[in-house]
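One structure is given here, and the rest of the page talks about it.
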Amino acid sequence: MNSSPAYSNGYHPQQQQHGMSQRDKVRRGTRARSREHRESFGSGGNFGGLRVSEHNKQQQQQQQQGAPCTDFDMAYFHSYAHVGIHEEMIKDRVRTETYRTAIMQHQSSIAGKVVVDVGCGTGILSIFCAQAGAKRVYAVDASDIAVQANEVVKANNLSETIIVLHGRVEDVDIDEEVDVIISEWMGYMLLYESMLGSVITARDRWLKPGGLILPSSATLYMAPITHSDRYSESIDFWRNVYGIDMSAMLPLAKQCAFEEPCVETIVGENVLTWPHVVKQVDCHTITLHELESVTTNYKFKSMMRAPLHGFAFWFDVEFSGPALAGTNNHAPSSLISNHPVDGQQRKKRANPNEALVLSTAPEDPPTHWQQTVLYFYDPIEVEQDQLIEGSVTLSQSKENRRFMNIHLEYASGGRSFVKESVMR
């Protein structure tokens, strides 16, 4: 692909200060605040009688050795103490009930065992594990929501089983190996927020060889979409406003609506092709280095004649037992990043009969993750069977690793384009 495209159909670096609608920013910010606040909070704060307070001196010593907490981290952690964030996640029945089902399906691996809940939030997954018979559960959360989690644990008479640790996974002290790690770490586009890094840290610090990680694997997908109603609602509206020609607003409207990724719900009818696997993650083997940047080349063949408005991303996670998942905690992970056109690509999941799956695909029941869409400023008309090809790179922002830089190259019908944006 031509790295200096003949056409520009996307992001312009000098316009980076504008982005998605305020509604989408609030929605995304809610999810972002909720999850990392849980697992990456810095030292300090009111421990509210948590049992971890007995180990404050040890934690302070470890915090001096661990990765520093930046101002970005602290702001992010602080936002996770808001109850609305946790309410949104718990009310997502697809998410919460799938986790509860996974815990009960793996009860034989949890009963009588030691569990770490990375980013416990209100403690609901820790309580599910206690109900499944766990011997001991370390509920780790970096945000002040840990104080409320400890009260929830006490109110349910589980203080002898669940130990709430208020601090970062990198900093808290657990004086034993664990049999199970559970975490709801997934962000928009799977990797946004970089919480998976804390699961990796917990795995490398405490998990026994052959231990269970829930979820055990994850897959990020992408596909080209058509969404004329969305484009018309946001852009074409300005062509005639109460009989007034406001088409001069179009460039600004496109920039404000589509410069940054949009978190919204699409349906299967919006998707033009089978999806492409951007990245496959084995939670037993993935390394921190692999999360810094992900690149994939793709090639699609449109199933219909339609305007191409952009690309949608979604993910699923699987809850496999140790027999199905990798067991070498330090072996390189296997990635699926390049696939031929159409039928040879993975559709949605590799082995739907082997493991419980939590999916955020457009054709599945909606979740609070929805889908993430990269819209073009101007649609491209494609014919049936026309090729759409290019590459996408997702990388952690050097300014703030919680943000995601997206570099998208795409070509179709003899024209090539580049779109760059930041998910913040």
* Asked: Once fully extended, how much extra length lies between Arg239 and Ala155, figured as 0.36 nm per residue of separation less the alpha-carbon to alpha-carbon distance?
  -> 24.4 nm
* Carbon and sulfur atoms: what percent of the 1.4 Å accessible area of the range 198-332 do they account for? -> 56 percent
* Structure fact -> Glu88 and Ser108 label points (each 7 Å along its Cα→Cβ direction) are spaced in nm at 3.9 nm
* Structure fact -> Descending packing, highest mean Cβ count within 10 Å first, for 370-377, 199-206, 81-88 is 370-377, 199-206, 81-88
* **Contact order relative to length of the range 71-184, as percent, for alpha carbon pairs under 8 angstrom and 6 or more apart** => 28 percent
* Dipole of the range 71-184, positive direction: furthest Cα of Gln131, Thr161, Ala146, with charges on the beta-carbon -> Gln131
* Asked: Glu269 versus Ser247, label points 7 Å from Cα toward the beta carbon: distance in nm?
  -> 2.9 nm
* So what is the accessible area of the range 71-184 per residue, in Å², with the probe set to 1.4 Å? -> 37 Å²
* Asked: With all protein chains present, how much of the accessible area of the range 71-184 (probe radius 1.4 Å) comes from carbon and sulfur, to the nearest whole percent?
  -> 50 percent
* **Solvent accessible area, Å² - Asp364, 1.4 Å probe, full protein context** => 40 Å²
* Considering every pair of different Cα atoms, what Kirkwood radius, in Å, is found for the range 71-184? -> 14.2 Å
* If ligands, DNA and RNA are left out, what is the accessible area of Lys135 with a 1.4 Å probe, given in Å² to the nearest 10? -> 120 Å²
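The values are calculated or read from the model by the stated rules, or taken from the named source; none is laboratory data. Every value quoted in this text rests on a predicted model; they were computed, and no experiment measured them. Neighbour counts run over all protein chains shown; Cβ positions are idealised from the backbone, glycine included. Accessible surface is based on the protein model in full, side chains and every heavy atom, while ligands, DNA and RNA are left aside. Shrake-Rupley method; radii C 1.70, N 1.55, O 1.52, S 1.80 Å.
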